[in-house]
Amino acid sequence: MPEAQIEVFVSPALESLAQACPYIDHVLVDTGDDKAIHAEFADRHYDAVLVSLSQFRIYKIIRHLNIPYMLAPKLNWYQYLYKYTADARYKTGEGCWRGGCMLVKHFLTHHDYTIPELPNLYWNMTAEREKWQNYYNRQDNERLIFVHPGTGGSSGSLSPADFTSLLIKVNELTQINCRFILTYGEDEEKLAQEIFDNLQTQSINVSMAKPLSSLADFAKSIVAADMFIAGSTGPLHIAGLHNIPTVGFYAGRRSAPQVRWQTLTQSHKRLAFTPPVGRKTGRKMSLIDFNTVAAEVSAFLNAHYIK
């Protein structure tokens, strides 16, 4: 639908990232003032609304707007208050992001649009890759391996000691010239600094990422990476948008979070590791076999980057 004006309603934390998205024409921010939000929506004169995150609050905001088509997922009792609903339950073996796609697919099908194939690269920033590699001071034939400590909350996180030992092993096993770039948020700098100090004592080529002024700039800068290693964090998933090879660490649960929360990197560029599945073991990331991880990561780097 190239003629469509696509607008999104997001939390304040996501405003700059939404502004950077090339598929979005206008961003509305959730201020928490439902009366003002209702008035702002009314002024936009929408032809359709797709409710990706279905909450009763959202229904109350939009219910009296003169919008011809409002679509919500079949998830809650208030789904029955909408005229149009869609099954957004993704299949076993699929990432949960498929649910949002299913909602859009239902909308397009209902309006007789052909469903396009999904691209391999969701956010094409390749034109800026050299610029951002210069920002991270890439030298000669170095490959930049981004490492992000901390967690998004849905999974466990590796300790600085485990990250350190893993990166030392990768550095020993790979045949490429690696430089590890430690990225971090405000509450993760201490973790990154500890990993940095540990690696420096072993004469590993490592740098702390230079801070950027906005989430959008950081998201763009990830295009510089040749691999991104992290727990189940937002930055790991942004790397997936750039189709950067990702190495993700997830809790060991029967619900298979390594599949549910998989990145959008192509499957052959995606590595995922968990501790043994179980109530007592699933969140103990130290139980991951890091020798196996280091061997697989190094083998991937050698196969992918040695010519």
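The values are calculated or read from the model by the stated rules, or taken from the named source; none is laboratory data. In this text the structure is predicted, and so the values were computed from the model without any measurement. Neighbour counts run over all protein chains shown; Cβ positions are idealised from the backbone, glycine included.
Got a number for residues in region 106-146 being without any contact (Cβ under 8 Å) to a residue 24 or more places away in the chain and within 20 Å of Tyr305 (Cβ to Cβ)?
The total comes to 2.
State which residue is nearest to Gly231 (Cα to Cα) when the search covers only region 157-201 and only residues that are small (Gly, Ala, Ser) and in contact with a Gly (Cβ under 9 Å, 6 or more places away or on another chain).
Out of the qualifying residues, it is Ser157.
Looking at region 258-299, which of its residues are in contact with a Phe, Trp or Tyr (Cβ under 9 Å, 6 or more places away or on another chain) and hydroxyl-bearing (Ser, Thr, Tyr)?
Thr263, Thr265, Thr274, Thr292
When residues of region 1-45 are filtered for being surrounded by 17 or more Cβ atoms within 10 Å (Cβ to Cβ), assigned to a loop (DSSP other than H, G, I, E, B) and in contact (Cβ under 8 Å) with a residue 24 or more places away in the chain, how many remain?
Adding up the residues that qualify gives 1.
Go through the residues of region 191-204 one by one and say whether even a single one is part of a strand (DSSP E or B) and small (Gly, Ala, Ser).
Among the residues of region 191-204, not one is part of a strand (DSSP E or B) and small (Gly, Ala, Ser), which makes the answer no.
Among the residues of region 103-143, how many are surrounded by 12 or more Cβ atoms within 10 Å (Cβ to Cβ) and among the aliphatic types (A, V, I, L, M)?
Summing the residues that are surrounded by 12 or more Cβ atoms within 10 Å (Cβ to Cβ) and among the aliphatic types (A, V, I, L, M) in region 103-143 gives 5.
Any residue in region 173-182 that is assigned to a loop (DSSP other than H, G, I, E, B) and crowded, with 22+ Cβ neighbours inside 10 Å?
Within region 173-182, not a single residue is assigned to a loop (DSSP other than H, G, I, E, B) and crowded, with 22+ Cβ neighbours inside 10 Å.
Between a residue in region 72-90 that is farther than 28 Å from Trp261 by Cβ and any residue that is modelled with pLDDT of 90 or more and surrounded by fewer than 16 Cβ atoms within 10 Å (Cβ to Cβ), which pairs come within a Cβ distance under 8 Å, given they are 6 or more apart or on different chains?
Correct list of pairs: Leu81/Arg63; Tyr84/Tyr69; Tyr84/His110.
Looking only at region 49-71, how many residues end up being in a strand (DSSP E or B) and over 16 Å from Met102 (Cα atoms)?
Number satisfying all stated conditions: 1.
Criterion first (in a helix (DSSP H, G or I) and in contact (Cβ under 8 Å) with a residue 40 or more places away in the chain) does Ala230 satisfy it?
No: the conditions fail for Ala230.
When Ala86 is evaluated against the numbered criteria (1) touching a Lys or Arg at 6+ places or on another chain (Cβ under 9 Å); (2) over 29 Å from Ser255 (Cβ atoms); (3) of a type in the set (A, V, I, L, M, F, W, C), which criterion, by number, is the only one it fails?
(2)
Just to check your reading of the model, which residue among Arg270, Arg283 is in contact with a Ser or Thr (Cβ under 6 Å, 6 or more places away or on another chain) and among the charged types (D, E, K, R)?
That would be Arg270, the only listed residue that is in contact with a Ser or Thr (Cβ under 6 Å, 6 or more places away or on another chain) and among the charged types (D, E, K, R).
Those residues that are in a helix (DSSP H, G or I), under 13 Å from Ser54 (Cα atoms) and of a type in the set (Val, Ile, Thr), I need them from region 76-111; list them, please.
Residues satisfying the conditions do not exist here.
Residues being in contact with a Lys or Arg (Cβ under 8 Å, 6 or more places away or on another chain) and small (Gly, Ala, Ser): count how many of those fall in region 247-287.
4
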